[in-house]
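These notes concern the structure reproduced below.
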Amino acid sequence: MEALAGTMWRLIEVTARDDAGREVPSPIGQHPMGFVMFKDDRILVAVTDPRPSLAQEAQPRPLISYTGKYRFDGTELVTETDAASRPDLMMEQVREMRFESATRLVMNYRR
């Protein structure tokens, strides 16, 4: 199992899928900006659309952030969210997680 405590990861890509597993447009846009930081028992996540400016008719810039205690067993990351930018993020979040290399971490949201 890889250790997470004391690490910080930069977001490089977000993909989204519907219930049937088909890829759909990302809610954060094509080039998101974000990070995830792991402390001993706490996670902090922040993701946003990094465009320097938005067209006047554009939707407001999305922002997703949350924090909470986490546990990681080497393949599953479970976060007990205790603060978030949106009410729908205030829940137990479960992600499948794997290390593709020493510098690449992949997380897949399950619920």
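The values are calculated or read from the model by the stated rules, or taken from the named source; none is laboratory data. Treat the numbers as computed from the prediction; the structure is a model and nothing was measured. Cβ sites come from the backbone with ideal geometry, for glycine too, and all protein chains shown count toward neighbours. Remember, those area values only see protein heavy atoms, side chains included, never the ligands or the DNA or RNA. Shrake-Rupley method; radii C 1.70, N 1.55, O 1.52, S 1.80 Å.
For Arg95, the criteria (1) modelled with pLDDT of 85 or more; (2) open to solvent by 80 Å² or more (accessible area, probe 1.4 Å); (3) among the basic types (Lys, Arg) hold in every case but one, which is (2). Residue count for segment 31-40 under the criterion of being within 17 Å of the chain's Cα centre (by Cα) and in a loop (DSSP other than H, G, I, E, B): the result is 3.
The residues in segment 70-83 that are open to solvent by 40 Å² or more (accessible area, probe 1.4 Å) and either among the hydrophobic types (A, V, I, L, M, F, W, C) or in contact with a His (Cβ under 8 Å, 6 or more places away or on another chain) (or both) can be counted, and the count is 1. When residues in segment 1-30 are screened for being at pLDDT below 85, open to solvent by less than 70 Å² (accessible area, probe 1.4 Å) and over 15 Å from the mean Cα position of the chain (by Cα), 2 of them pass. Go through segment 98-111 and give me each residue that's open to solvent by 40 Å² or more (accessible area, probe 1.4 Å) and either of a type in the set (S, T, N, Q) or in contact with a strand residue (DSSP E or B) (Cβ under 7 Å, 6 or more places away or on another chain) (or both). Those that are open to solvent by 40 Å² or more (accessible area, probe 1.4 Å) and either of a type in the set (S, T, N, Q) or in contact with a strand residue (DSSP E or B) (Cβ under 7 Å, 6 or more places away or on another chain) (or both): Arg98, Phe99, Glu100, Ser101, Thr103, Met107, Asn108, Tyr109, Arg110, Arg111. Within segment 81-108, residues that are under 20 Å from Arg17 (Cβ atoms) sit with their Cβ atoms under 7 Å from residues that are not in a strand (DSSP E or B), at 6+ positions apart or across chains, in these pairs: Val94/Arg110; Val94/Arg111; Arg95/Arg110; Glu96/Thr75; Glu96/Arg110; Met97/Thr75; Arg98/Thr75.
Residue by residue, here is whether (1) out of contact with any Leu (no Cβ under 9 Å at 6 or more places or on another chain); (2) assigned to a loop (DSSP other than H, G, I, E, B); (3) in contact (Cβ under 8 Å) with a residue 40 or more places away in the chain; (4) within 19 Å of Gln93 (Cα to Cα) holds:
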position	(1), (2), (3), (4)
Ser26	yes, yes, no, yes
Ile43	no, no, no, yes
Pro52	yes, yes, no, no
Ser65	no, no, no, yes
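Residues that are among the small types (Gly, Ala, Ser), surrounded by fewer than 15 Cβ atoms within 10 Å (Cβ to Cβ) and at pLDDT 80 or above do not occur anywhere in segment 31-52.
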